[in-house]
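The values are calculated or read from the model by the stated rules, or taken from the named source; none is laboratory data. Worth saying up front: this structure is predicted, and the values here are computed from it rather than measured. Here the Cβ positions follow ideal geometry from the backbone for every residue, glycine too, while neighbour counts run over all protein chains shown. Areas reflect the complete protein model, heavy atoms only, side chains present, ligands, DNA and RNA absent. Shrake-Rupley method; radii C 1.70, N 1.55, O 1.52, S 1.80 Å.
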Amino acid sequence: MGAASLMVRQLYSLLMWAAQPFLRRKLRRRGLAEPGYLDAIEERFGHYTQAAESTSELVWVHAVSLGETRTAGILLAALRAQWPGLRILLTHGTATGRAEGAGLLRAGDVQVWQPWDSQAAVARFFAHFRPRLGLLLETEVWPNTVAGAQARGVPLVLVNARLSDKSLQQALRMALLSRPAYAALAAVYAQSDNDAQRLRKLGAPVRAVFGNLKFDAAPDAAQQALGRQWRQALGRPVLMLASSREGEEDSFLEQIKALALSTRAPPAPEKRADGEPSPADADFQILIVPRHPQRFDEVQALVEKHGLTVARRSGWNGAPPAAADVWLGDSLGEMALYYALSDVALLGGSFAPLGGQNLIEAAACGCPVIMGPHTFNFAEVAELAEAAGAARRVADMAEAVRAARSLLSRPAAQQAAAAAGRQFSAQHRGAAANTVRALEQLLKD
């Protein structure tokens, strides 16, 4: 590392040390809505109640949030099939990620928070757990963490790696800090050729392009069966706003009202001269599944503000959904059920400049997707899905609702898009097996 880079990292380290009181305050605030953030706060600063490791057995897997943790589950299943006795150190940054990760643990595994990227916290983390290898999911490259691993001879591998053009430009603006971190990784396995090219611009040692691990996930069969059963019993199509973010639900409901679509008493269907359905054509059930659980109550209040009734998933139990203008998906880990219950899904996070959400599970469940213009976090998958006919891109929420209405009124087109999604998902599997083969030498050492 050059003198200039070293100076920049020292300044960064000072800022991370000084920010610790603000992090504690932030955790307390977030803990009011999500109590999980109040659990074991001292772990974030390198202070642990777990026994210190006397040998270097643990394989560290870092999955920052819910999506990465689910992806980690796919990789862990493949790793354990090859090495059944593997002990895992699983870390997270979010409460939903940690809650999901608890279900991946086996006897001998350890789960803690990701260490705050200060030199002291990182040093305590490595000294306490002594991992022999670190697997970082997707984007998690932290300068002091990478430097700490390198100083202790712990190889770090970035798996299922992705990097948007926006993130690349941000990293290049801090090249004296980011380049040494990426260059110090032992290996990088990218999701796509475009991701690989961007990562190489930061000096990352990209060894291969394996595709996206999420394609290897098998959606929960029982959830899908239940979702299909409920959809068939309903007798009319279901339109879902999936993984919605703040502002999108209001825009969605406004557009439905603007097109005079009603879930209560739809007028008789009318056809235009060009054969396209009119706004009065659609008779569908609305389902909204917010991305973040702390917003469930907020979204219910918003729906009611629009004068609509709400039935929440948490109140359905094993029975079919209760009659209401809007169903609210207020549960975690049930996206397979929601996609199987839906005929079309609008992709949350893509109608504002938030980068979108991953649409792979929707495709695997045979749910056609309509996405907005902002999918930069999953650009390659979005482009491939659109080319395969499993997804359609639109300019804004107004066009999305119109496109959904059109597809819902044409069962043959909806079924063709659903089949295209399932085929698209099947064609892109194999990343987990390739990643395990690539890691074999590191895990043997």
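Suppose we filter R429, R392, R405 for residues that are at pLDDT below 95, farther than 21 Å from A208 by Cα and either part of a helix (DSSP H, G or I) or open to solvent by 40 Å² or more (accessible area, probe 1.4 Å) (or both); which single one remains?
Of the residues listed, the single one that is at pLDDT below 95, farther than 21 Å from A208 by Cα and either part of a helix (DSSP H, G or I) or open to solvent by 40 Å² or more (accessible area, probe 1.4 Å) (or both) is R405.
For L185, work out the one condition from (1) under 21 Å from the mean Cα position of the chain (by Cα); (2) surrounded by 19 or more Cβ atoms within 10 Å (Cβ to Cβ) it doesn't fulfil.
L185 satisfies all of (1) under 21 Å from the mean Cα position of the chain (by Cα); (2) surrounded by 19 or more Cβ atoms within 10 Å (Cβ to Cβ) except (1).
Could you tell me whether segment 126-137 includes any residue that is in a loop (DSSP other than H, G, I, E, B) and hydrophobic (A, V, I, L, M, F, W, C)?
Within segment 126-137, none of the residues are in a loop (DSSP other than H, G, I, E, B) and hydrophobic (A, V, I, L, M, F, W, C).
Consider segment 350-380. How many of its residues are among the aliphatic types (A, V, I, L, M), over 17 Å from V289 (Cα atoms) and surrounded by fewer than 23 Cβ atoms within 10 Å (Cβ to Cβ)?
1
For (1) open to solvent by less than 30 Å² (accessible area, probe 1.4 Å); (2) among the basic types (K, R); (3) within 25 Å of P21 (Cα to Cα); (4) free of Cβ contacts under 8 Å to residues at least 24 places away in the same chain, each residue gets a yes or a no:
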| site | (1), (2), (3), (4) |
| --- | --- |
| S118 | yes, no, yes, no |
| R132 | no, yes, no, no |
| L135 | yes, no, no, no |
| E140 | yes, no, yes, no |
| A147 | yes, no, yes, no |
| L156 | yes, no, no, no |
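Could you list, in sequence order, the residues of segment 80-94 that are surrounded by fewer than 22 Cβ atoms within 10 Å (Cβ to Cβ) and either in contact with a Ser or Thr (Cβ under 7 Å, 6 or more places away or on another chain) or part of a helix (DSSP H, G or I) (or both)?
Scanning segment 80-94 gives R80, A81, Q82, G93.
Could you list all residues from segment 222-254 that are among the small types (G, A, S) and touching a residue at least 60 places away in the same chain (Cβ under 8 Å)?
A225, G227, A233, A242, S243, S244, G247, S251
Every residue in segment 295-312 that is under 23 Å from A33 (Cα atoms) and open to solvent by 30 Å² or more (accessible area, probe 1.4 Å), please.
Within segment 295-312, D297, E298, Q300, A301, L302, E304, K305, V310, R312 meet the criteria.
Filter segment 194-213 down to residues that are of a type in the set (K, R), open to solvent by 50 Å² or more (accessible area, probe 1.4 Å) and within 23 Å of the chain's Cα centre (by Cα), then give me how many there are.
0
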